[in-house]
Amino acid sequence: MRYLKFLWIAPFIFLLSLRSLPDRNTPLQKWMEPDSKKLHILVTTRMCASLVEEVGGDRVHVWTLIDEDLDPHSYQLVKGDAEKFRRADLIIANGLHLEHGRSLQNLLKEKEALFLGDKIFSLSPDLFLPMDNGIDPHFWMDVSLFSRSVPYIVEALQKKDPAHSQEYAVRGGQLLLQLDLLDHKIRVLMSKIPLEKRYLVTSHDAFQYFARRYLVKNGAEGDHLEHFLAPEGVSPDGQIGALDIQKIIRHVVKNRVSVVFAESNISKDSLNKIIEACRSQGVELRLSRADLYADSMGEESYIKMMEHNARVIQSELYPIHPDENF
Ligand SMILES: [Zn+2]
């Protein structure tokens, strides 16, 4: 009888215990579950994940580690990430030291991740641009260069799932055709902007490859540096000083730049400082009406992201009739 008087709280204890169970219906929980039908792939960035999804189709279940607006340059492992690494059948990273947060870098190496940029670099180092005593990791900004990742993705999926090798090869081939078309479309669109107007100023140094591939005419070495400038250096957490501001103002005046491009995941403080400094010296400068996507994808696919960037750059630098856009 002594225990019976506590019986009334039993339903509440039951309900509380239900609440403390992990939610098995979140997308992450679904990805973490055992699955014999699909390869579970952990990819560091959305841009790389997008290519993996295209090649893998419904044979793969992809999870992006550094999603949304997080900064891949400084990302460190958080609670729960180690479990994702343990669950993954395959781990794919951008490489070229983009993911340079110490804890993440160490785990990627320990788990023998496929570093796409490093694979391409090892065969064709001449295709890459130097930056801060290393290699510029933002190679997705040149579609023709990023598309060289596709054969490595196909190969990795075939190795993990040989029974469907042919499927991966076919989808990889289709993706290469799509990327080739995208590269061509961006080149055509940029060529409509007169060369003297093709100047890009962004928050951080993510657009070197874009400038080399799409903004200069003959692609001569170093030419693209004339057409692209970013005050915050390679990593968006860089601080901007008075000397940087003066350098940008000189560039703006010399090349008659009238617009600077904000990036979706970076504070606009530095660019606003530059705009204010220009105004105080009688130089008119404004922010772009739409943000560019640099280190975060924003759109539903890599192809859409690059189309967005090309469209924004073209419409800001040299507006043309919308029919001529894509
Ligand atoms: Zn970056």
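Tell me which residues, restricted to the range 71-85, are assigned to a loop (DSSP other than H, G, I, E, B) and buried (at least 16 other Cβ atoms within 10 Å of the Cβ).
Across the range 71-85, the qualifying residues are D71, P72, H73, Y75, L77.
For the range 183-190, indicate whether the set of residues that are buried (at least 17 other Cβ atoms within 10 Å of the Cβ), within 24 Å of I92 (Cβ to Cβ) and without any contact (Cβ under 8 Å) to a residue 40 or more places away in the chain is non-empty.
The answer is no, given that none of the residues of the range 183-190 is buried (at least 17 other Cβ atoms within 10 Å of the Cβ), within 24 Å of I92 (Cβ to Cβ) and without any contact (Cβ under 8 Å) to a residue 40 or more places away in the chain.
Would you point out which residue out of Y209, Y214 is more than 16 Å from the ligand (Cβ to nearest atom), in a helix (DSSP H, G or I) and either under 18 Å from the mean Cα position of the chain (by Cα) or crowded, with 22+ Cβ neighbours inside 10 Å (or both)?
After ruling out the rest, the residue left standing is Y214.
Each row is one residue, and each column tells you yes or no for (1) farther than 19 Å from N94 by Cβ; (2) out of contact with any Cys (no Cβ under 7 Å at 6 or more places or on another chain); (3) buried (at least 19 other Cβ atoms within 10 Å of the Cβ).
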{"position": "I266", "(1), (2), (3)": "no, yes, yes"}
{"position": "D269", "(1), (2), (3)": "yes, yes, no"}
{"position": "I274", "(1), (2), (3)": "yes, yes, yes"}
{"position": "Y293", "(1), (2), (3)": "no, yes, yes"}
{"position": "G298", "(1), (2), (3)": "no, yes, no"}
{"position": "M306", "(1), (2), (3)": "no, yes, yes"}
{"position": "N309", "(1), (2), (3)": "no, yes, yes"}
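Return the pairs, sorted by first residue and then second, in which the second residue is surrounded by 19 or more Cβ atoms within 10 Å (Cβ to Cβ), the first residue lies in the range 150-164 and is free of Cβ contacts under 8 Å to residues at least 24 places away in the same chain, the beta carbons are less than 6 Å apart, and the residues are 6+ apart or on different chains.
Pairs that qualify, where the first residue is free of Cβ contacts under 8 Å to residues at least 24 places away in the same chain and the partner is surrounded by 19 or more Cβ atoms within 10 Å (Cβ to Cβ), are Q158/Y168.
Residues that are surrounded by fewer than 21 Cβ atoms within 10 Å (Cβ to Cβ) and at pLDDT 95 or above: which helices (runs of 4 or more DSSP H) entirely in the range 86-150 hold 3 or more of them?
Because the criterion is at least 3 residues that are surrounded by fewer than 21 Cβ atoms within 10 Å (Cβ to Cβ) and at pLDDT 95 or above, the helices (runs of 4 or more DSSP H) in the range 86-150 that meet it are 102-110, 116-123.
Restricting to the range 184-199, name every residue that is farther than 16 Å from E324 by Cα and either among the polar types (S, T, N, Q) or touching a helix residue (DSSP H, G or I) at 6+ places or on another chain (Cβ under 7 Å) (or both).
K197, R198, Y199
The values are calculated or read from the model by the stated rules, or taken from the named source; none is laboratory data. Please read all numbers here as calculations on a predicted model, not as lab measurements. Reconstructed Cβ throughout: ideal geometry from the backbone, glycine too, with neighbour counts over all protein chains shown.
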